[in-house]
1. Filter the helices (runs of 4 or more DSSP H) completely within the stretch B:10-116 down to those with at least 1 residues that are out of contact with any Cys (no Cβ under 7 Å at 6 or more places or on another chain) and among the basic types (Lys, Arg).
2. Exactly one condition in (1) of a type outside the set (Phe, Trp, Tyr); (2) under 25 Å from B:His28 (Cβ atoms); (3) away from chain B (no Cβ under 14 Å); (4) assigned to a helix (DSSP H, G or I) is not met by A:Ile184; state its number.
3. Can you find a residue in the stretch A:4-24 that is among the β-branched types (Val, Ile, Thr) and closer than 30 Å to B:Arg70 by Cα?
4. Within the bounds of the stretch A:3-17, is there any residue that is closer than 19 Å to A:Glu116 by Cβ, in contact (Cβ under 8 Å) with a residue 60 or more places away in the chain and more than 9 Å from chain B (Cβ to nearest Cβ)?
5. Take the stretch A:115-171 and flag every residue that is assigned to a loop (DSSP other than H, G, I, E, B) and in contact with a Lys or Arg (Cβ under 9 Å, 6 or more places away or on another chain).
6. Which one of the conditions (1) farther than 16 Å from A:Met29 by Cα; (2) surrounded by 21 or more Cβ atoms within 10 Å (Cβ to Cβ) does A:Asp178 fail to meet, given that it meets all the rest?
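Values in this text are rule-based calculations from the coordinates and carry no lab data. Here the structure is a predicted model, which means the values were calculated and not measured. For neighbour counting, all protein chains shown are included, and Cβ atoms are generated from backbone atoms with ideal geometry for every residue, glycine included.
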Amino acid sequence: MIAAAEHEAEKASKTYFLFWTYLMTDLLMFAGLFAAFAVLRRSTFGGPGESEVYNLPLVLAETIILLASSYTAGLAVYFANRGRLKVVMGLLYATAVLGASFLALELSEFASLIREGNAPTRSGFLSSYFSLVGTHGLHITAGLLWLVILLVFLAKRGLRGSMIRKITLFSMFWHFLDIVWIFIFSIVYLMGVSL
Amino acid sequence: MNRVVSYSAGLVLAFALTLTAFSLVLAHVHHAPSALSSPALIAIVLVLAMVQLAAQLYFFLHLGQDKESRWNTTLFVFTFFGILVVVLASVWIMGHLNYNMTPAQMNQYFQDQSTF
């Protein structure tokens, strides 16, 4: 019995490490997008520059929302390890609502930019901006899809060993996205209006 | 450390760091002659970002909290240096290319090449 539990723990720790390795490669991809943005941020091609285009109060709201969702995701793992199914589902649901709010705000940002004629095709700056921030948004969307699937599985099967592992993997992914966002709001938005 | 304490401390710390960075920048933007110079402001924002990175890695992702996640931390440090190289080298190279490809520079290059 003890051997089985140990085996489970070892399997979990290997799974987490493997997933962490994937997250590191994803981080490297974002680094490439950041590098492209650093090179192209001033290539406005007669179009608007960073200070004309960013809505900082909106970005602050997005940041706080995403931070809160990272918190609820972390707590979900804690309660999953304690078998509290209802609490876990509530926390994951909260994470989903917060994540969806973040995405909605970001999409409204993109929509208003495009409506004004500042599409990704307008300039090198806008291409690199939409690529970087858009890729992060795509990751958030994938995470939201993952959340929905987790919630459905939890409702049907409850908390088992494999579900706890899946929830932990999801939260690793979600924390990772918040970490990338730290650098997006610092390097893109805050630096952008300060240059 | 108790995990709830860990997540809560991380939340508070990240929140404080975020608000500090935003307030400094928004103050700079709204009062044109501000106390902080642009380079100093950017440096502070980057430092705050690094501190928040460390805080989130430790309090949310528990990097450094368990003995088993040693390799995870190692991998992250390795990736971090990889990122430094990718970003800094790209900016350096593209900056040089940007300068060397201007018409004046290219004409200079042709001139230099023709004198063998």
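1. B:70-100
2. Unmet for A:Ile184, out of (1) of a type outside the set (Phe, Trp, Tyr); (2) under 25 Å from B:His28 (Cβ atoms); (3) away from chain B (no Cβ under 14 Å); (4) assigned to a helix (DSSP H, G or I): (3).
3. Within the stretch A:4-24 (the criterion being among the β-branched types (Val, Ile, Thr) and closer than 30 Å to B:Arg70 by Cα), the answer is yes, since at least one residue qualifies.
4. no
5. The one that is assigned to a loop (DSSP other than H, G, I, E, B) and in contact with a Lys or Arg (Cβ under 9 Å, 6 or more places away or on another chain): A:Leu159.
6. The single condition A:Asp178 does not satisfy is (1).
One line per residue, one yes/no per condition, for (1) touching a helix residue (DSSP H, G or I) at 6+ places or on another chain (Cβ under 8 Å); (2) within 14 Å of another protein chain (Cβ to nearest Cβ):
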{"residue": "A:Leu58", "(1), (2)": "yes, yes"}
{"residue": "A:Ser70", "(1), (2)": "yes, yes"}
{"residue": "A:Leu75", "(1), (2)": "yes, yes"}
{"residue": "A:Gly83", "(1), (2)": "no, no"}
{"residue": "A:Phe110", "(1), (2)": "yes, no"}
{"residue": "A:Leu113", "(1), (2)": "yes, no"}
{"residue": "A:Asn118", "(1), (2)": "yes, no"}
{"residue": "A:Leu126", "(1), (2)": "yes, no"}
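Listed here are the residues, each with its yes/no results for (1) facing chain A (nearest Cβ under 7 Å); (2) in contact (Cβ under 8 Å) with a residue 24 or more places away in the chain.
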| site | (1), (2) |
| --- | --- |
| B:Ala9 | no, yes |
| B:Ala21 | yes, yes |
| B:His31 | no, no |
| B:Leu36 | no, no |
| B:Ala40 | no, no |
| B:Ala43 | no, no |
| B:Gln52 | yes, yes |
